[in-house]
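Read-outs: derived from the displayed coordinates by stated rules, not from any lab. Treat the numbers as computed from the prediction; the structure is a model and nothing was measured. All Cβ positions, even for glycine, are placed from backbone atoms using ideal geometry, and neighbour counts span all protein chains on display.
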Amino acid sequence: MAINRQAITTAEFESFINLPENADRLFELIGGEIIEVPSNPYASYIASKILGYLFMYLVTNDIGWTTTEAGGYVVAGEHYAPDVAFVAYTKQKQPAKQGYNPNPPDLAVEVVSSESRTENEKLTIKLGNYLAVDTLVWIVRPEKGYIEVHQAGQKVKTYRRGEVIRAGDLLPDFELAVADILDDPDDE
């Protein structure tokens, strides 16, 4: 028997996340449903490696700023917390000081912490909305050993160990070796 759930509005979401008991928790609004972002040390570890490479690139190429999952964004009317995000200065000089950033990121990195059906369903919704606002999306799938690159109007590209991801005009000359991000399965 299906349960009829009414989608949560942005205003209801913002009221919910501002409750005192939610002050130290992280939530997303995906498909009209409030989802608490789970803590996963391994996914965070991978995201921190990606952030490190992006940060070092930006030290010498001062073209924008990055955030972690604690820096949420409004994307197509929903609220997302990508594991790593990049915004070019040409879009926004600095991040919002509070709440969710009003502009979507130029690059969103989502590290899949579990290949469960539920997580993949939520990720599919997020991916569609990211692409609708022209966000470049990297979906890192540690369990499967690859990274998917999604860009509006282009075929999905899959990168494995031994391959290098580039971000084109968004991050000129930036290169990220998949082997530097995903652990070698023989080392596990």
Suppose each label sits 7 Å from its Cα in the direction of the beta carbon; what would the Glu36-Asp180 distance come out to in nanometres? 3.6
DSSP-defined beta bridges in the chain - what % are antiparallel, rounded to 5: 85
Please find the FRET efficiency linking Lys155 to Lys91, where r is the Cβ-Cβ separation and R0 is fixed at 22 Å, and quote it to the nearest 0.05. 0.30
To the nearest µm²/s, what D does Stokes-Einstein give for the range 40-187 at 25 °C and 0.890 mPa s, using the Kirkwood radius over alpha carbon pairs as Rh? 158
Distance in nm between pseudo-label sites at Met56 and Arg166 (7 Å out along the Cβ direction from Cα): 2.0
For the chain, return all DSSP H helices satisfying: extent of Cα atoms along own axis at least 27 Å; mean Kyte-Doolittle hydropathy at least 0.5. 41-60
At 7 Å along the Cα-to-beta-carbon direction for both Thr9 and Arg117, put a label point, then send me their distance in nm to one decimal. 3.3
In percent, what relative contact order does the range 40-187 have, based on Cα pairs under 8 Å that are 6 or more apart in sequence? 17
When we measure straight from the Cα of Lys157, which aspartates and glutamates land under 17 angstrom away, once same-chain ones fewer than 8 places off are left out? Glu110, Asp134, Glu148, Asp169, Glu175
Name the residue from Val164, Asn40, Gln98 whose Cα lies farthest towards the positive end of the charge dipole of the range 40-187, charges +1 on Cβ of Lys and Arg and -1 on Cβ of Asp and Glu. Gln98
Which of Leu51, Leu29, Leu171, Leu123 comes first, and how do the rest follow, when ranked by fewest Cβ neighbours within 10 Å? Leu123, Leu51, Leu171, Leu29
Which of Asp106, Asp62 comes first, and how do the rest follow, when ranked by fewest Cβ neighbours within 10 Å? Asp62, Asp106
Loop only per DSSP, at most 12 neighbouring Cβ atoms within 10 Å: give me the chymotrypsin sites (Phe, Trp or Tyr not before Pro) in the range 57-97, ordered by residue number. Tyr89
Per DSSP H run of at least 4 residues, take -39500 (n - 2.57); add these up for the chain, divide by its residues and hand me the 222 nm value, nearest 500 deg cm²/dmol. -8000 deg cm²/dmol
